[in-house]
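To start, the structure under review is shown below, and the notes come after it.
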Amino acid sequence: MHVRSLALGSALLFATCLLAPASAHAQRADAQARALLDAGRTQYAELEYGEAVESLTGALRLASRDEAFRAEVLETLAFTYFVMEREDSARETLAQLFALDPYYVVREPSGSPRVSRFVEGVRASTVRDAAIDPEVAVRTELPRAARADVSVEIAITVPAPVTRVAVLYRTDTSASWQRVEAAPTAERARYVAVLPALGEASEVDVYVEGRDARGRVVARDAGPLAPRNLEVTAPDRRGGDSRGGDLASEPWLWIVIGAVVIGAGVGIGLGVALSDPGIPTGTLPPGTIQLP
């Protein structure tokens, strides 16, 4: 048994030694890819489009399976191809982006209407219910944390043309996104969505989707590739209300009450004893009995 344990430990140590360099290599590749993306964005802003293409395609080659990062690279690369008048390449790049996330909100740094029209034209050819307007801002108010045993209320403020709002959420115990429609409130342009109790989850990812009167997605806050995260705290096992539990269940309270009761009993007993005239006072005051 000892030999077998030793062999197993040696195998685990050997595997760890093999995995450690691989992990370090992956981290270096990710850092290099991020640096190339930053360089590509700077080159694009400085009109160095050829250099930007080189940096961005290099970032794609180094990128891991992180789809959110790939989407960032594809977004800037599509802009670059478009301003270089390489529309076929720009269209192909946007198609890759929309394959990752059909409603990805594309924001060109200069806010060029020409670029925006091209982007949404490409999207419309493949995503029938999309009419993304980068200028439509969605503001989501999340609590600091969610309780696992109670529902979660999320408030959303949206401008026109949004007429319907939904919150999509996914816990760390579920592989699929769930959808909750938000209800309009008396306050104009404000909606509230209520997520059910999240059970055994320790965190939940959320994003918000706004649609117009025609049912088209026109705005989002975050998205499935880069959602907003909310911690889920454990249920309050003490009972009572959610503000702090039942005070009567706290053990320290009964200890204090017991001490007070005992102290009061002793005080009363002494008082009665000292005040009872039937008890001999003794020869040494006060109230001392002289033993024979």
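Could you tell me the distance between the Cα centroids of the stretch 134-177 and the stretch 77-127, to the nearest Å? Centre-to-centre distance over Cα atoms comes out at 27 Å. Take the Cβ atoms of residue 57 and residue 125, set R0 to 25 Å, and the FRET efficiency comes out at 0.55. On the basis of the beta-carbon distance and an R0 of 45 Å, residue 214 and residue 28 show a calculated FRET efficiency of 0.40.
Restriction of the trypsin sites (Lys or Arg not before Pro) in the stretch 123-190 to DSSP coil positions whose beta-carbon has at most 12 other beta-carbons within 10 angstrom yields 128, 144, 188.
Calculate, in nm to one decimal, what residue 163 and residue 185 gain on full extension: separation in residues at 0.36 nm each, minus their alpha carbon distance. Between residue 163 and residue 185, full extension yields an extra 6.7 nm. Computed extension gain for residue 47 through residue 228, at 0.36 nm per residue and net of the alpha carbon distance, reaches 61.9 nm.
Using Cβ point charges alone (K and R +1, D and E -1), the dipole size of the stretch 139-233 about the Cα centre works out to roughly 520 debye. Considering Cα pairs under 8 angstrom that are at least six residues apart, work out the relative contact order of the stretch 139-233 and quote it in whole percent. 35 percent. Arranged from fewest to most other beta-carbon atoms within 10 Å of their beta carbon, 157, 76, 126 become 126, 157, 76. Between residue 64 and residue 135, full extension at 0.36 nm per residue minus the direct alpha carbon distance yields a gain of 22.5 nm. Between rounded, prolate and oblate, where does the stretch 52-146 land on the alpha carbon gyration tensor, with a ≥ b ≥ c its root eigenvalues, rounded for a/c under 1.5, else prolate if a/b exceeds b/c? Oblate is the answer for the stretch 52-146, as a/c is 1.5 or above yet b/c matches or exceeds a/b.
Each value in this text was obtained by applying a stated rule to the coordinates, not by laboratory testing. As the structure is a prediction and not an experimental result, all values here were calculated from the model. Positions of Cβ are backbone-derived with ideal geometry, glycine not excepted, and every protein chain shown enters the neighbour counts.
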